[in-house]
Ligand code: NAD
Ligand code: ZN
């Protein structure tokens, strides 16, 4: 681990634009399981595909029911060592930005500002109306859901469906975020993947694109990924352990 940390540290110092690309694995130490972890949380509370959500009121009711189960399980999750390390590297000017697939809001909670963060799959800490875009807090949705006996509320302004502000399977990727991620990846000469199985596309295209552009590619993941053979450095270890030295006050 020491060798890998020293290598990473050298490359971070040398890089003009280092980019971190994070997945569910950076948040597991915060008590939010990734899709592969045992425990059944995701199996029992599977995300509902976008077309089904749109098609049926009953699916929207079910989606919100599952969302609130997950909410209560994850309530109080705090940033982990990986999040803190990235926030610190940004402060130090050693990181050009963070691209995340996560929806848990933990990068923001660690102090990463909007300008430095690209959320490819949206954010699960609030909701929006799919028709008019009005934002609703989860507490607002939950109060109406609970008092109506489990009916998903519609938008009071336009009657549209209200959905957590995440990108569901089958939903279009957010254009602005995709454009920003594309631009940042083009600039990047060091691209660090942290805790992603790299099977969800189009998000997983960014590490490939970075490598194609000549960036150094680093993959930190507990288990092998399909892209390990492309990486300049592969670390099969715990993200918190690998990034712990970068999370400490210098
Ligand atoms: P994934 O679950 O497919 O893969 C996570 C990877 O991280 C796995 O390969 C696992 O071995 C590894 N990992 C887990 N804990 C680790 C640790 N402590 N140290 C090192 N490696 C660790 O996640 P993904 O690639 O991000 O794709 C899943 C999709 O599900 C994404 O679209 C994401 O938005 C969503 N999701 C998000 C959250 C979240 O916001 N925290 C949680 C689960 C799923
Ligand atoms: Zn509306």
Residue check for residue 133: part of a loop (DSSP other than H, G, I, E, B), away from ligand 1 (no atom under 16 Å from the Cβ) and touching a residue at least 60 places away in the same chain (Cβ under 8 Å): no
Test result for residue 152, closer than 29 Å to residue 52 by Cβ, within 16 Å of ligand 2 (Cβ to nearest atom) and either in a strand (DSSP E or B) or modelled with pLDDT under 95 (or both): no
Tally of residues being touching a helix residue (DSSP H, G or I) at 6+ places or on another chain (Cβ under 6 Å), more than 30 Å from residue 66 (Cβ to Cβ) and in a loop (DSSP other than H, G, I, E, B) across the range 159-211: 1
Top-ranked residue in the range 136-149 [being under 16 Å from residue 57 (Cβ atoms) and without any contact (Cβ under 8 Å) to a residue 60 or more places away in the chain; ranked as farthest from ligand 2 (Cβ to nearest atom)]: 149
Number of positions in the range 89-116 that are in a loop (DSSP other than H, G, I, E, B) and surrounded by 15 or more Cβ atoms within 10 Å (Cβ to Cβ): 11
Evaluation of residue 33 against (1) buried (at least 16 other Cβ atoms within 10 Å of the Cβ); (2) more than 13 Å from ligand 1 (Cβ to nearest atom) (one fails), failing number: (2)
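The values are calculated or read from the model by the stated rules, or taken from the named source; none is laboratory data. All values derive from a computational prediction rather than experimental measurement. All Cβ positions, glycine included, derive from the backbone under ideal geometry; neighbour counts span all protein chains shown.
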